[in-house]
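*Asks:* To start, I am sharing the structure in question, which I have written as structure tokens.
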Amino acid sequence: MLELLVILICGSVLVSGVLAVWLENLMAAMVSAGLASLFAAVSYVLLAAPDVAMAEAAIGSGLSTLIFLYAIRRTGGGRE
């Protein structure tokens, strides 16, 4: 059962990563990348690595996503 859940979460990481690359809206792409990082943190918890999961959740899906969203908003969102 745990293996199936890990495979499902890892598949979600892949789908979110592909969406982050394919989306043309920068805000939506960055949210999708943050979601991929959050799914990675969940998979680390399921694989019994809570220290790595906390670092990934705090830095990967939390801090860097907020910094990128702030930068995108301040620069006009990539509009010309």
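*Asks:* With every protein chain kept in place and ligands, DNA and RNA left out, what is the accessible area per residue of the chain? Probe 1.4 Å, answer in Å².
*Replies:* On a per-residue basis, the chain sits at 72 Å².
*Asks:* Suppose R0 equals 41 Å; then what is the FRET efficiency for residue 24 and residue 45 from their Cβ-Cβ distance, rounded to the nearest 0.05?
*Replies:* It comes out at approximately 0.80.
*Asks:* Which angle from 0 to 90°, rounded to the nearest 10, does the C-alpha axis of helix 2-22 make with the longest principal axis of the chain?
*Replies:* With both axes taken from Cα atoms, the answer is about 10 degrees.
*Asks:* If you line up the long axis of helix 26-46 against the longest principal axis of the chain, both from Cα atoms, how many degrees apart are they, to the nearest 10?
*Replies:* Helix 26-46 and the main axis of the chain meet at about 10 degrees.
*Asks:* Given springs between every Cα pair under 10 Å in a Gaussian network model of the chain, which of 53, 28, 40 has the largest fluctuation?
*Replies:* Looking only at 53, 28, 40, the biggest GNM fluctuation is shown by 28.
*Asks:* How far is helix 64-74 tilted off the main Cα axis of the chain, in degrees rounded to 10, range 0 to 90?
*Replies:* Approximately 10 degrees, to the nearest ten.
*Asks:* Let me check I've understood the local charge: for residue 47, count other residues with C-beta under 14 angstrom from its C-beta, Lys and Arg +1, Asp and Glu -1. What total comes out?
*Replies:* Summing Lys/Arg as +1 and Asp/Glu as -1 gives -3.
*Asks:* Hey, with R₀ at 35 Å, roughly what FRET efficiency would residue 74 and residue 1 work out to, going by the Cβ-Cβ distance, to 0.05?
*Replies:* It comes out at approximately 0.20.
*Asks:* Right, another one. On the accessible surface of the chain, probed at 1.4 Å, how many percent belong to carbon and sulfur atoms?
*Replies:* Within the chain, the accessible surface is 74 percent carbon and sulfur.
*Asks:* Given springs between every Cα pair under 10 Å in a Gaussian network model of the chain, which of 33, 20, 58 has the largest fluctuation?
*Replies:* Residue with maximal mean-square fluctuation among 33, 20, 58: 58.
The values are calculated or read from the model by the stated rules, or taken from the named source; none is laboratory data. The shown structure was predicted, so the numbers you read here are calculated from the model rather than taken from an experiment. A quick note on method: Cβ atoms are made from the backbone with ideal geometry, for glycine too, and the neighbour counts reach across all protein chains shown. Quick note on the areas: whole protein, heavy atoms, side chains included, nothing else; ligands and nucleic acids left out. Shrake-Rupley method; radii C 1.70, N 1.55, O 1.52, S 1.80 Å.
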